[in-house]
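Notes follow the structure.
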């Protein structure tokens, strides 16, 4: 009898050991790759349907992919926040871009919008900060056209015939002010004023003669590289303008990673939460911690490669970088305080 009991306890101990080991083993690279690919696909489809404002198709998709309603609840919360953000006063006190006493040719402009337009809403999926749009001022064009077609940027837009405009194009002040709450401007030091027009002409030549498309993420949610000459997003334009023309990199590259506070708040963005939630559903429960690890990896790759308007503005606050800067518009709160 003792031998039987001893054998029973040995087998029980061995079984517990095997179970504990199987629970602690990390997923294989193939299992990780499959989970990431599936979460990429699901999250991208959610982004596409949100961008298309196709609520019916989105509801159908989530009914199949998210029967528990976890992702749907995240999206409802996001839409509520965007609706609240859209109730604001237009920044009427922002000076005209043709005003030479307020701006300089080649100024970098960063805009805090209300997320009521398609691009602002799309950018808000991944960014959580103050500024969501950026461009470079061609003040010569502003003076000549009355503030029309004067800010070199990239955006999602259609012409009067409903045709998509190149990602790279010149925006009007009236177009930009329609959704702007605050505008920050700064001039880049150590650049000759006489060199700016030729550099602007070169970028505007690109608009007229080379196709481009607006995008900041590929279909697998990997970031568009800053050296891609076909895919452009707004804040990449001023960075490329000064990097390509003058060899100056206008970006606070450590902005998101310099403090835990900024990194932590980025986990509160819709894309991160949707991606993380899908990973949790895909991975077995014993590997739940890997959902956070993989979601963090994705977000870090995005933030490391993207040049965001917040990074441009923070670079400008270093007195060794921007020679002058100013904020126009409605009331201002401390940066990242909200």
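The values are calculated or read from the model by the stated rules, or taken from the named source; none is laboratory data. As the structure is a computational prediction, the values presented were derived from the model and not from experiment. Quick reminder, even Gly has a Cβ in these numbers, built from the backbone with ideal geometry, and neighbours come from all protein chains shown.
Observations, loosely collected:
- Selection within segment 179-201 - under 24 Å from residue 146 (Cβ atoms) and not in a strand (DSSP E or B): 179, 193, 196, 197, 198, 199, 200, 201
- The set of residues from segment 107-144 being modelled with pLDDT of 95 or more and more than 22 Å from residue 314 (Cβ to Cβ) comprises 138, 139, 140, 141, 142, 143, 144.
- Residue 176 in a strand (DSSP E or B), at pLDDT 80 or above and either touching a strand residue (DSSP E or B) at 6+ places or on another chain (Cβ under 9 Å) or farther than 25 Å from residue 231 by Cβ (or both): no
- Between 200, 152, the distinction of being in contact (Cβ under 8 Å) with a residue 12 or more places away in the chain, surrounded by 12 or more Cβ atoms within 10 Å (Cβ to Cβ) and over 20 Å from the mean Cα position of the chain (by Cα) belongs to 200 only.
Yes or no, residue by residue, for (1) crowded, with 21+ Cβ neighbours inside 10 Å; (2) closer than 26 Å to residue 95 by Cβ; (3) without any contact (Cβ under 8 Å) to a residue 12 or more places away in the chain:
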residue	(1), (2), (3)
128	no, no, no
173	yes, yes, no
183	yes, yes, no
216	yes, no, no
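- Filtering segment 243-265 to residues that are within 17 Å of residue 133 (Cα to Cα) and part of a helix (DSSP H, G or I) leaves nothing.
- Of everything listed in (1) free of Cβ contacts under 8 Å to residues at least 24 places away in the same chain; (2) under 17 Å from the mean Cα position of the chain (by Cα), the single unmet condition for residue 285 is (2).
- Restricting segment 28-45 to residues that are touching a helix residue (DSSP H, G or I) at 6+ places or on another chain (Cβ under 7 Å) and under 11 Å from residue 278 (Cα atoms), the residue that is surrounded by the fewest Cβ atoms within 10 Å (Cβ to Cβ): 38
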